[in-house]
Amino acid sequence: MAVCTKLLTVRTRGQGTYEFTDEIALALGSSGLSEGTVTVFCQHTSCSLVIMENADPSARHDLHTFMHKLVPTDDPDYTHTLEGPDDMTSHIKMALTRTAEVIPFVNGRLCLGTWQGVFLWEHRDASHARRIVLSFQGV
């Protein structure tokens, strides 16, 4: 079994979901592996990862709306606000979601469903350059 690690940067423009499925597929192609798994890991505490529908943007819009209702900004009980009113809010949203996904691949192709995409879910208001580690294991 071989291991191959690739680093990606996903640039965001504030809160929202940013698809980077194609970048994972390109990295898989350059890994030389044909069967195994890829662990996709986000190195941050104020954004997360989600596998979500990528065909209809309204599905992601509804997801964002739900999360904003669940974790409102400017809650007076939050004390961790050094980086602004979205500071603790972004950490809570990250804790409720995931910072890693494991995706199998077969014949050099990710085993995602027809409408599935891999998204970085930015929880901060400001733009960021987010670091993603891809760890491919396979043959």
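The values are calculated or read from the model by the stated rules, or taken from the named source; none is laboratory data. Model, not experiment: these values are computed from the prediction. Every residue, glycine among them, receives a Cβ derived from its backbone with ideal geometry; neighbour counts consider all protein chains shown.
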Extreme residue, farthest from Gln43 (Cα to Cα), among residues of region 102-139 that are surrounded by 13 or more Cβ atoms within 10 Å (Cβ to Cβ) and among the β-branched types (Val, Ile, Thr): Ile103
Residues that are free of Cβ contacts under 8 Å to residues at least 24 places away in the same chain, farther than 30 Å from Asp22 by Cα and of a type outside the set (S, T, N, Q), drawn from region 55-82: Lys69, Pro72, Asp74, Asp75, Pro76, Asp77, Tyr78, His80, Leu82
Thr99, sole failed condition from (1) farther than 24 Å from Thr9 by Cα; (2) surrounded by 12 or more Cβ atoms within 10 Å (Cβ to Cβ); (3) touching a strand residue (DSSP E or B) at 6+ places or on another chain (Cβ under 7 Å); (4) not basic (Lys, Arg): (1)
Residue that is nearest to Ser34 (Cα to Cα), among those in region 63-96 that are at pLDDT 95 or above and touching a helix residue (DSSP H, G or I) at 6+ places or on another chain (Cβ under 8 Å): Leu96
Segments classed as strands (runs of 3 or more DSSP E), wholly inside region 30-109, with at least 3 members that are of a type in the set (Val, Ile, Thr): 36-42, 100-106
Among (1) in contact with a Pro (Cβ under 6 Å, 6 or more places away or on another chain); (2) closer than 17 Å to Gln116 by Cα; (3) among the acidic types (Asp, Glu) - the single one Glu101 does not satisfy: (1)
Search result, residues across region 65-91 that are surrounded by 16 or more Cβ atoms within 10 Å (Cβ to Cβ) and closer than 20 Å to Gly117 by Cβ: Met67
Test set (1) under 21 Å from Val10 (Cα atoms); (2) in contact with a helix residue (DSSP H, G or I) (Cβ under 9 Å, 6 or more places away or on another chain); (3) surrounded by 14 or more Cβ atoms within 10 Å (Cβ to Cβ) - Thr45 fails condition number: (3)
Only one of Leu112, Leu134 that is part of a loop (DSSP other than H, G, I, E, B), at pLDDT 95 or above and in contact with a helix residue (DSSP H, G or I) (Cβ under 9 Å, 6 or more places away or on another chain): Leu112
Where a residue in region 36-54 is on the phi < 0 side of the Ramachandran plot and its partner, wherever it lies, is basic (Lys, Arg) and assigned to a loop (DSSP other than H, G, I, E, B), with Cβ under 6 Å and at least six apart: Ser46/Arg124
